[in-house]
Amino acid sequence: MTDYFSNIYNNIVKYFYDDSEQIIYFDFETTGLNPFYDKIIEYAFLKENLEIPDAKDMVRDIHYIYDFVNPKLELPKKITRITGINDAMLQDSKRIEDKIGPIVNFIESDNSQKYLVAHNCDGFDKYFLKTQLYENGYDNYNNYRYIDTLILARMLIPNLDSYSMASLCRLFEIRLTGHRAMNDTVALRQVYHRLVKIIADNSQTDFNSLL
């Protein structure tokens, strides 16, 4: 075990180890980058479950949730170009105020320690989630621990030209189809697995135990 990976492994285990824990991958599509001004237009949350052998066996509302959100404003054309989401697709959806309750219920369906995983989590998704929790009266927005795969990839794979989700998917030969919340969340899970495998291989640690 190299000193480099030994240090990463020891720090991760010391900080994150818990007897009862749940990993939840998540992603937002939004009208822009400012969590205090811009609005969520689509979300996806996906729970890790090593006992699920195939995606067809996953049950909505138990293993994953996703939905559109009506931002009550006209979408910027740039967002439609990036995501393929247009105003007509959102007009019959509820506002985030009506969605945040089911999101919290999904995250807190049991008493395990929650680890919420997102790409660029510390710079984007975490703040959109915390803002909505705070604004809608949930005082649990600081109870979760967050894992940012962008930071983790920079630690484990130095000197890449880009650490975007698309770049990491190309590196790991993971299929990424479109820029949509559920597609990104499924790809995110695979990227996170590959990053954990790098640590497991270099620290001679069992993958599932480290995950």
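Multiply the residue separation of Ser109 and Asn34 by 0.36 nm, subtract the distance between their alpha-carbon atoms, and state the gained length in nm to one decimal.
Difference between extended and current length: 24.1 nm.
Rank these residues by their accessible area, most exposed first, probe 1.4 Å: Ser93, Ser203.
Ser93, Ser203
Would you mind calculating the relative contact order of the chain from Cα pairs under 8 angstrom and at least 6 residues apart, reporting the percent as a whole number?
The normalised contact order for the chain reaches 25 percent.
What whole-number value in Å² describes the accessible area per residue of the chain for a 1.4 Å probe?
Dividing the accessible area of the chain by its residue count gives 55 Å².
Hey, any idea what % of the stretch 90-211's accessible area is carbon plus sulfur with a 1.4 Å probe?
Exposed carbon and sulfur together represent 41 percent of the surface.
State the extension gain, in nm to one decimal, for the chain segment bounded by Leu171 and Lys197, taking 0.36 nm per residue of separation less the distance between their alpha-carbons.
Value of the extension gain: 7.9 nm.
Which distance in nm do the two modelled labels at Gln204 and Glu135 give, with both placed 7 Å along the Cα-to-Cβ direction?
Result for the modelled spin labels: 5.2 nm.
On alpha-carbon atoms, Rg over Rh for the chain using Kirkwood Rh?
0.96
Classify the stretch 100-211: rounded, prolate or oblate, from the alpha-carbon gyration tensor (a ≥ b ≥ c, eigenvalue square roots; a/c under 1.5 rounded; otherwise prolate if a/b is larger than b/c)?
Prolate.
Going down the list Lys39/Lys130; Lys39/Lys126; Lys78/Lys114, which pairs span over 24 Å between their C-alpha atoms?
Violating the 24 Å Cα-Cα cut-off are Lys78/Lys114.
If I take R0 = 35 Å and measure r between the Cβ atoms of Asn86 and Ile157 in this structure, what FRET efficiency does the formula 1/(1 + (r/R0)^6) give, to the nearest 0.05?
That gives a FRET efficiency of 0.45.
The values are calculated or read from the model by the stated rules, or taken from the named source; none is laboratory data. Please read these numbers as outputs of a predicted model, since none were measured by experiment. Counting neighbours? That spans all protein chains shown, and the Cβs are built from the backbone with ideal geometry, glycine included. The accessibility values were calculated without ligands, DNA or RNA, using every heavy atom of the protein model including side chains. Shrake-Rupley method; radii C 1.70, N 1.55, O 1.52, S 1.80 Å.
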